[in-house]
1. Taking the stretch 79-96, which residues are farther than 16 Å from Q64 by Cα and of a type in the set (F, W, Y)?
2. Within the stretch 59-75, is even one residue of a type in the set (V, I, T) and within 15 Å of A18 (Cα to Cα)?
3. Take the stretch 49-61 and flag every residue that is surrounded by fewer than 20 Cβ atoms within 10 Å (Cβ to Cβ) and closer than 21 Å to K3 by Cβ.
4. For the stretch 62-125, which fully contained helices (runs of 4 or more DSSP H) count at least 1 residues that are within 13 Å of the chain's Cα centre (by Cα) and surrounded by 15 or more Cβ atoms within 10 Å (Cβ to Cβ)?
5. May I ask you to verify whether K106 is among the basic types (K, R) and out of contact with any Ser or Thr (no Cβ under 9 Å at 6 or more places or on another chain)?
6. Tell me whether the stretch 35-48 contains one or more residues that are part of a loop (DSSP other than H, G, I, E, B), within 22 Å of K106 (Cβ to Cβ), under 12 Å from the mean Cα position of the chain (by Cα) and without any contact (Cβ under 8 Å) to a residue 40 or more places away in the chain.
7. I'd like to know if the stretch 63-84 contains one or more residues that are touching a Ser or Thr at 6+ places or on another chain (Cβ under 8 Å), modelled with pLDDT of 95 or more and under 23 Å from P110 (Cβ atoms).
8. Filter the stretch 1-18 down to the residues that are assigned to a helix (DSSP H, G or I) and more than 11 Å from the chain's Cα centre (by Cα), then identify the one that is nearest to L82 (Cα to Cα).
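The values are calculated or read from the model by the stated rules, or taken from the named source; none is laboratory data. The shown structure was predicted, so the numbers you read here are calculated from the model rather than taken from an experiment. Cβ atoms come from the backbone with ideal geometry, glycine included; neighbour counts cover every protein chain shown.
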Amino acid sequence: MSKRILVIDDEESLRDLACTCLEDLGGWETIPAPSGDKGLLQVQNEIVDAILLDVSMPDMDGFQFYEQIKANPKTHKIPIILLTAKVLPDDYKRFAQLDIAGIINKPFNPILICEQIAQMLAWKA
């Protein structure tokens, strides 16, 4: 059975690129979400094996989404990989305190993203 990844990013072109790479190169199923709010709805209604989460989004950022996922007994064990363009020194300290599977920097390499995710989650790519 194929792995299912919820891809949350407010940038449509980046979200579409990530989904296409994960489906075509990784053979995984993706569930796109344009915001943290929509992502929360998806994770309640779908079985998800992992979440690829943009950190900087309007309304609900990645940290707020993370807190809600980890606070819910139904979703707290879903591995989360952060997708971020702006990493400041303070962010690394904050990331180190989170229970995340890893971090992928934007712009990501479309050829390598599946390998990165598979390695972080100990999946076969």
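1. Answer for the stretch 79-96, where residues must be farther than 16 Å from Q64 by Cα and of a type in the set (F, W, Y): just Y92.
2. Within the stretch 59-75, not a single residue is of a type in the set (V, I, T) and within 15 Å of A18 (Cα to Cα).
3. D49
4. Result: 62-71, 113-121.
5. So K106 does not fit the description; no.
6. Scanning the stretch 35-48 turns up at least one residue that is part of a loop (DSSP other than H, G, I, E, B), within 22 Å of K106 (Cβ to Cβ), under 12 Å from the mean Cα position of the chain (by Cα) and without any contact (Cβ under 8 Å) to a residue 40 or more places away in the chain.
7. no
8. L14
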